[in-house]
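Below is one structure; the comments refer to it alone.
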Number of protein chains: 2
Amino acid sequence: MFSAADSNFMAQALRLAELGRFTTSPNPNVGAVLVKNDQIIGRGYHRQAGGPHAEVFALREAGSEARGATCYVTLEPCSHHGRTPPCAEALVVAGVSRVVVAMQDPNPKVAGRGTALLKAAGIQVDIGLMAAEARAVNPGFLSRMERNRPYVQLKLAASLDGRTALANGDSKWLTSAAARADVQHYRAQSCAILSTATTVMADNARLNLRAEQLQLNISQLDTGELRQPKRVILDRNDNLDHNLALFKEGGEVIVCVSKLENARVLPNIARQIHCPLNTQAQFDLALLLEHLALREQINMLWVEAGATLAGALLQLNLVDELIVYLAPKLLGNTAQPLAVLPQFSVLAQVPQLYWSDVRMVGPDVRLTARLS
Amino acid sequence: MFSAADSNFMAQALRLAELGRFTTSPNPNVGAVLVKNDQIIGRGYHRQAGGPHAEVFALREAGSEARGATCYVTLEPCSHHGRTPPCAEALVVAGVSRVVVAMQDPNPKVAGRGTALLKAAGIQVDIGLMAAEARAVNPGFLSRMERNRPYVQLKLAASLDGRTALANGDSKWLTSAAARADVQHYRAQSCAILSTATTVMADNARLNLRAEQLQLNISQLDTGELRQPKRVILDRNDNLDHNLALFKEGGEVIVCVSKLENARVLPNIARQIHCPLNTQAQFDLALLLEHLALREQINMLWVEAGATLAGALLQLNLVDELIVYLAPKLLGNTAQPLAVLPQFSVLAQVPQLYWSDVRMVGPDVRLTARLS
């Protein structure tokens, strides 16, 4: 069904899709190329929610040449009238003769209707080329659509002996400026950052995106288009001081409290939400993640917190990826641990992961692990 | 003084030198090539103490062609009658016209006398080509000669959160079979393995070389030539049970005790040595290392031990290299620490290292760090 040329063109559509990763949310990343006589005559990617979809940019570039062309698109063309007209219709109107789709759109508003519309118009539709690669450009969107929760990346920074700070709390600076700049890339790709009142107050952390630290190699990207991720702060006891730097700049602050009746007047960029407690009087984190997906449209959630929240998320199997910056230092046995977990009695019980990426970031090592 | 061709030939001599790394100790690794009319006419490396030196193998291959040739050798040719006649004399007799030496031999028996002998015979001698690379093939020998102590490699195996075992001691198997096989390469390169009675008794550890686990890619190497490293076991309180697997197979066992008058009758492969205690009633590790260099001719020392010995060596700045196998697992805050160190109050006080190598070993990551 698919030729080597098909794969080649789809790979290019996938590279285009990635260009949207800092700007498209809550929409998915999508890329498209139009091909006629083995030549690319149009290309596009979805750049911003509310703006044109990938196929529209590609059709604009191709103009009347689109008639009889093949469109390679990384996600099923949409069929519904949202903020923009449906792309499937645009492809029909333009007279393309074949559409190759990497994967069906799990969005219930689409979910096969886009390809059905194309087929009904007599267009040849081939689905499933490089589907795994297409999934990989949309971990957050797919997680929200398929699991009703964000794709959760847990950021950790530790010494070689797995310690995050000295016993007295000193952790400035455990990791390098290069590692801290690298963190900005993850923040920039994330819809929200999850942390705790304890962490925010310890460092007077802003948890905002510092665009000037991003070393982006994406010529099309205007840093003015970058979003500030929302900051979701767990504050069970309503402790946050409103003079914190957190409230002075950056994206919206969502303060999770256990009792809304205690709600205080918050700074303009902040609002409180109520999150139920579990039987251990801790926030029900699974419910919180569901809320963030369904009510706040959070695709990618970036967690920067201490050992307690890290351990709780790991225990509940709510972490999809661990991003660990390992500094070449030794803090010793009295220093603070990376993750609070129950005391295991055999190694077979401990969380098993696999290393999915390992690289140097400045003088530190960045290890990426996924749950196996 | 040196041309690109010179560097090319010296690089080949260095590759030859490395071939001896499992067999030459306590002698240094040395490689040599003989070149005439830009062609290599002889090559050799030192393979085993007591056997011919690198230059001799190269001269044998070249035969009478050696007259007028250039010899590239990674370490100054020897000038003394040891178990073999001096190489400098052999080069003179063979009539080579130029000798390029990467570095002077720090061995006080040589230390410039080899090159002096060559110069006195009218041979052109150029010293210092790729000296840093030449040092890198002999870390152990150079450490013993220059610092009167072995080159110390500390092996650690830990989870992502820097833990070596569960609270109850369970650590089988934290790291993978691939990581454990990789350890065999380091053991094979080491003159001795340092550990403690506690560690040996906890696992009934043999700490021997298992040649069948080595995946050597060295066609010249007969695994029968591999040495079993000596095992140096710290046993302050004379606790070692002589029925341990340690005493059944492998290299000589040197048991360090604090009082020799308690000496027991030991199994054949074992002997006791006395090591003085410091003011904290712990073994004086600096003195022990000096003893191992000066009395036992230990070039490379491989340390496999728990958090206490690891921490003590680090504290005393006696570790040259840390080799850390990091398993993609999380053991939690109650599990056992990697290194016992004093409680620091600011990050600037902690041991600072740098990552000198990072790679995957099976499903684990192997991180190599050096003291900066």
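Selection of the stretch A:74-91 for residues being open to solvent by 50 Å² or more (accessible area, probe 1.4 Å) and among the aliphatic types (A, V, I, L, M) yields an empty set.
Would a scan of the stretch B:24-40 turn up a residue that is of a type outside the set (S, T, N, Q) and part of a helix (DSSP H, G or I)?
No, the stretch B:24-40 has no match at all.
Considering only residues in the stretch A:171-196 that are assigned to a helix (DSSP H, G or I) and more than 27 Å from B:Ala348 (Cα to Cα), the one that is least open to solvent (accessible area, probe 1.4 Å) turns out to be A:Ala188.
Does A:Gly20 qualify as being open to solvent by 30 Å² or more (accessible area, probe 1.4 Å) and either touching a residue at least 40 places away in the same chain (Cβ under 8 Å) or part of a loop (DSSP other than H, G, I, E, B) (or both)? Spelling it out, it is not the case that A:Gly20 is open to solvent by 30 Å² or more (accessible area, probe 1.4 Å) and either touching a residue at least 40 places away in the same chain (Cβ under 8 Å) or part of a loop (DSSP other than H, G, I, E, B) (or both). Set side by side, the residues B:Gln104, B:Gln153 differ, and just one is out of contact with any Lys or Arg (no Cβ under 9 Å at 6 or more places or on another chain), open to solvent by less than 40 Å² (accessible area, probe 1.4 Å) and modelled with pLDDT of 90 or more, which is B:Gln153.
Take the conditions more than 14 Å from chain A (Cβ to nearest Cβ), surrounded by 15 or more Cβ atoms within 10 Å (Cβ to Cβ), assigned to a loop (DSSP other than H, G, I, E, B) and touching a residue at least 12 places away in the same chain (Cβ under 8 Å) and apply them to B:Leu166. Does it pass? No, not satisfied. I'd like to know if the stretch B:304-323 contains one or more residues that are among the β-branched types (Val, Ile, Thr), within 23 Å of A:Ser176 (Cα to Cα) and either modelled with pLDDT of 95 or more or assigned to a loop (DSSP other than H, G, I, E, B) (or both). Checking the stretch B:304-323: at least one residue is among the β-branched types (Val, Ile, Thr), within 23 Å of A:Ser176 (Cα to Cα) and either modelled with pLDDT of 95 or more or assigned to a loop (DSSP other than H, G, I, E, B) (or both).
Could you say whether any residue in the stretch A:281-289 is over 23 Å from the mean Cα position of the chain (by Cα), over 29 Å from A:Trp173 (Cα atoms) and surrounded by fewer than 18 Cβ atoms within 10 Å (Cβ to Cβ)? Yes - at least one qualifying residue is present in the stretch A:281-289. The set of residues in the stretch B:169-196 that are within 14 Å of another protein chain (Cβ to nearest Cβ) and within 17 Å of B:Leu322 (Cα to Cα) comprises B:Thr175, B:Ala179.
Among the residues in the stretch A:260-278, are any open to solvent by 50 Å² or more (accessible area, probe 1.4 Å), within 30 Å of A:Asn168 (Cα to Cα), in a loop (DSSP other than H, G, I, E, B) and more than 14 Å from chain B (Cβ to nearest Cβ)? There is no residue in the stretch A:260-278 that is open to solvent by 50 Å² or more (accessible area, probe 1.4 Å), within 30 Å of A:Asn168 (Cα to Cα), in a loop (DSSP other than H, G, I, E, B) and more than 14 Å from chain B (Cβ to nearest Cβ).
Here is the figure for the stretch B:147-163: residues that are part of a loop (DSSP other than H, G, I, E, B) and more than 11 Å from every other protein chain (Cβ to nearest Cβ) total 3. Residues that are over 27 Å from B:Leu226 (Cα atoms) and either touching a Leu at 6+ places or on another chain (Cβ under 8 Å) or among the β-branched types (Val, Ile, Thr) (or both) within the stretch B:48-64 comprise just one, B:Ala62.
I'm checking my understanding of the structure. Among residues of the stretch A:334-372 that are assigned to a strand (DSSP E or B), within 7 Å of chain B (Cβ to nearest Cβ) and under 23 Å from B:Asp357 (Cα atoms), which one is nearest to the chain's Cα centre (by Cα)? Only one residue fits best here, namely A:Ala369. Per the listing A:Ala54, A:Ala11, the residue uniquely of a type in the set (Gly, Ala, Ser) and open to solvent by less than 10 Å² (accessible area, probe 1.4 Å) is A:Ala54. Restricting the stretch A:348-372 to residues that are in contact (Cβ under 8 Å) with a residue 60 or more places away in the chain and in contact with a strand residue (DSSP E or B) (Cβ under 8 Å, 6 or more places away or on another chain), the residue that is most open to solvent (accessible area, probe 1.4 Å) is A:Pro363. Every listed requirement among (1) closer than 25 Å to B:Gly82 by Cβ; (2) open to solvent by 50 Å² or more (accessible area, probe 1.4 Å) is met by B:Glu133 save one, (1). Only a single criterion out of (1) open to solvent by less than 50 Å² (accessible area, probe 1.4 Å); (2) away from every other protein chain (no Cβ under 14 Å) is not satisfied by B:Leu322, namely (2). Among the residues of the stretch B:292-314, those identified as surrounded by 20 or more Cβ atoms within 10 Å (Cβ to Cβ) and under 14 Å from B:Lys230 (Cα atoms) are B:Leu292, B:Ala293, B:Ile298, B:Asn299, B:Met300, B:Leu301, B:Trp302, B:Val303, B:Glu304. Please specify each residue of the stretch B:107-124 satisfying the condition of being over 25 Å from the mean Cα position of the chain (by Cα), surrounded by 20 or more Cβ atoms within 10 Å (Cβ to Cβ) and of a type in the set (A, V, I, L, M, F, W, C). B:Leu117, B:Leu118 - these are the residues of the stretch B:107-124 that are over 25 Å from the mean Cα position of the chain (by Cα), surrounded by 20 or more Cβ atoms within 10 Å (Cβ to Cβ) and of a type in the set (A, V, I, L, M, F, W, C).
The values are calculated or read from the model by the stated rules, or taken from the named source; none is laboratory data. This is a predicted model, so every value here is computed, not measured. Counting neighbours? That spans all protein chains shown, and the Cβs are built from the backbone with ideal geometry, glycine included. The accessibility values were calculated without ligands, DNA or RNA, using every heavy atom of the protein model including side chains. Shrake-Rupley method; radii C 1.70, N 1.55, O 1.52, S 1.80 Å.
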